[in-house]
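Okay, structure first, notes after.
Taken together, the values in this text are just the output of simple stated rules run on the coordinates, not laboratory data. Model, not experiment: these values are computed from the prediction. Positions of Cβ are generated from backbone atoms using ideal geometry, with glycine treated the same way; all protein chains shown enter the neighbour counts.
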Amino acid sequence: MLAVEYFEVECPEPVGAEYYKQITNDVLLDHNLLKVIEKLHVYIDPKVPVFIAVGILKPITNVVRVGDIANVNPQEGKMTLVITEETYLASMLKIFWERFGKDKVEQPDRFTVVLYDVPVAAKEIEEIVIGHPSESLNKDLIYAFRCVAPEGFRLRSERFDKGKFSFVASENTLVENIDELVKAKFALMGETP
Amino acid sequence: MTLVPVTYKGGIYQHDIVTDLIEDLGGYVVQKHVLAQEVVLQCFVPRDDIELIREISRPLFGEVTDSPLVGTEIAVVSMSLEIHHLPHPSCDIAEYVRRIGAKSNMVSLARGPGKRITGLNDEERDVINEHDIAVYLMGNFETCIEHKMPILLRGIEVPVVVCGGPDKETLIRIVDPPVEGYVGGVGRFMRRTKEADQLDKLDEIIAEITRVLEKKREDLAKDPLSVSPARLMNLIRERVPAILEVTSPTPLTVQLAGLRVKLPYDTFAPALRAMEIEDGITLGDVAAIEPSRMRDYILVKVLPFSETNTVI
């Protein structure tokens, strides 16, 4: 947990807290989410029962452009793109089809895309935005915390807003003062929700 | 003649010499796995003849090791089939006991997770009761384990080993009604068991299972079975050829006091009941043949000497 500035697991049972610290670490590491979390406080009380995870995310402003995942080689009448990373290939093709038309875009093999007679310069192609990694982040975080929280805790309330998130889960109906609890946990990290 | 469970590992070349030897000595091969150039036999052999098997298999580079769990069927009870419990630790433990020779089945509960919402239905209870021992894999919180165990143990008649996050002393204190075995420090975790300390924990589970099963074996020895389940296995294989067509890994699963026959009950139960073992004694005379709650399998429960007055 080197990348996270603050990481605590609070639980009335010290042994349980230790295990859950390990579980939280393993799950976030598996889902590749440690690098986006700045502060994280987890509170579990099996007697109530309630699971609360509150945290602050690192600001993610970068977007993925064509130039980040492909080498663009302009040739006579066509432009060949050599793909190095496939994650955003599908969304890139979709954008090309919409912008240039399907007849001008060809993918002869997995790692090559050829554009025929497109009226733009190679530099401009490289600048086209094809992905926003932060968009799927909330979904990934919710999934990860569902794995961390005890399985019986199926009633959930999640909030993701301006780089701050809270995830509350319980086996019983969530009590009304849950906002107070979330606020108190944020305060432990020196933050406000 | 005391038969002891052992595992034989050796090359596939001339391994039939060992198989024949085991059968000639009066032992039984319970499971045979052929993996590329290697063969693994899980068998029961007479205690006094282990050295002889070692001697004869030496030129074949064979290795004979003790496997106390051979011939047992273990239920690994997982609270659910969600990512929270699988593949670690449920599969890790189920696989580890398999390596020592046991046949392990994973029983996952429909309403296992949670504290208030937890429950055990009649099918789950009956399936667990069909095994020799049940290993309950619980979570990390003692509050939950304390609350859940009375519900999850309702109607369970087989010995139980409870694994959970809190230490062994805490488990002994909170589990009510008391069970036969406890292993602390093995709760829910989300990583593969590959470090030395984690493997030690798995060994601790094996030791606890072995201890509980040994006790059950001793109890069984006080009133011996009318016929050895391993012998029945060989007989059924000879007399009921349909078993050879079954594609499941162990068509005949040997248990401490019985046998699971993976054939449809309605079609094959009468034939099994009428199967002659020796001197006109049929299987129906020395065993109860019942439908299993697991698919439509047959469960053969061998009766003790005190009930049949025969030992064959």
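Bridges between two residues of the protein assembly as shown, per DSSP, are antiparallel at a rate of about 75%. Between the alpha-carbon centres of the range A:85-112 and the range A:121-153 there is a gap of 21 Å. Between the Cα long axis of helix B:265-274 and the first principal axis of chain B there is an angle of about 50°, rounded to the nearest 10. For the range B:83-132, the alpha-carbon coordinates run over 36, 26, 12 Å along the three principal axes, in decreasing order. Amide H to amide H, with H built 1.01 Å from N, residue A:7 comes under 5 Å of A:40, counting only residues 5 or more places away or on other chains.
With the cut-off at 1.5 for a/c, could you classify the range B:191-244 from its C-alpha gyration tensor as rounded, prolate or oblate?
On the way: a/c = 6.60, a/b = 1.67, b/c = 3.95.
Oblate, since a/c reaches 1.5 and b/c is not below a/b.
Rg then Dmax, both in Å and based on the Cα atoms of chain B: 20.2, 61. Relative to the Cα centre, the charge distribution of the protein assembly as shown, modelled as +1 at Lys and Arg Cβ and -1 at Asp and Glu Cβ, gives a dipole magnitude of about 1040 debye. A run of chain B free of exposed loop cleavage sites, with chymotrypsin sites (Phe, Trp or Tyr not before Pro) counted only in DSSP states other than H, G, I, E and B and at most 12 other beta carbons within 10 Å, reaches its longest extent at B:62-312. Close amide H partners of residue B:310, meaning residues 5 or more places away or on another chain with modelled amide H under 5 Å apart, do not exist here. As I understand it, the dipole of chain B uses +1 on the Cβ of Lys and Arg and -1 on the Cβ of Asp and Glu, about the Cα centre. Which of B:106, B:253, B:11 lies farthest toward its positive end? Toward the positive end, the furthest listed residue is B:106. At R0 = 45 Å, how high is the FRET efficiency between residue A:160 and residue A:124 if r is their beta carbon distance? Nearest 0.05 is fine. My answer for the efficiency is 0.85. For the range B:229-308, the spherically averaged projection of the C-alpha convex hull amounts to 5.1 nm². A compact globular protein would have a Cα radius of gyration near 2.2 N^0.38 Å; the ratio found for chain A is 1.38. Rounded to the nearest Hz, the phi-derived 3J(HN,Hα) couplings of the range A:46-54 under the Karplus curve 6.51 cos²θ - 1.76 cosθ + 1.60 (θ = phi - 60°) are x, 6, 5, x, 8, 10, 10, 10, 10, where x marks glycine and proline. In this simple spin-label model, placing a label point 7 Å from the Cα along the Cα-to-Cβ direction at both residue B:37 and residue A:84 gives a separation of 4.4 nm. Kirkwood hydrodynamic radius of the range B:239-283, from the reciprocal of the average inverse Cα-Cα distance over all distinct pairs: 11.6 Å.
Show which lysines lie in cross-link reach of residue B:201 when reach means a straight Cα distance below 21 angstrom and same-chain residues fewer than eight apart are skipped. Partners within reach: A:21, B:103, B:168.
Show me the helices of chain A, taken as full DSSP H stretches, that run 15 Å or more along their long axis by Cα and average 0.5 or above in Kyte-Doolittle hydropathy. Before the final figure, lay out each step's value.
Numbers: long enough: A:14-30 (24 Å, -0.26); A:89-100 (16 Å, 0.65); A:137-148 (16 Å, 0.56); A:178-188 (16 Å, 0.72).
Helices passing the filter in chain A: A:89-100, A:137-148, A:178-188.
If a paramagnetic tag sat 7 Å from the Cα of residue A:35 along the Cα-Cβ line, which residues of the range A:57-92 would have the backbone N under 18 Å from that point? Residues A:57-70, A:84-89 fall inside that zone.
Taking max minus min of the alpha-carbon positions on each principal axis, the range A:114-193 gives extents of 62, 30, 18 Å, largest first.
Here the protein assembly as shown is treated as a Stokes sphere of Kirkwood radius computed over C-alpha pairs; at 4 °C and 1.567 mPa s its diffusion coefficient rounds to 48 µm²/s.
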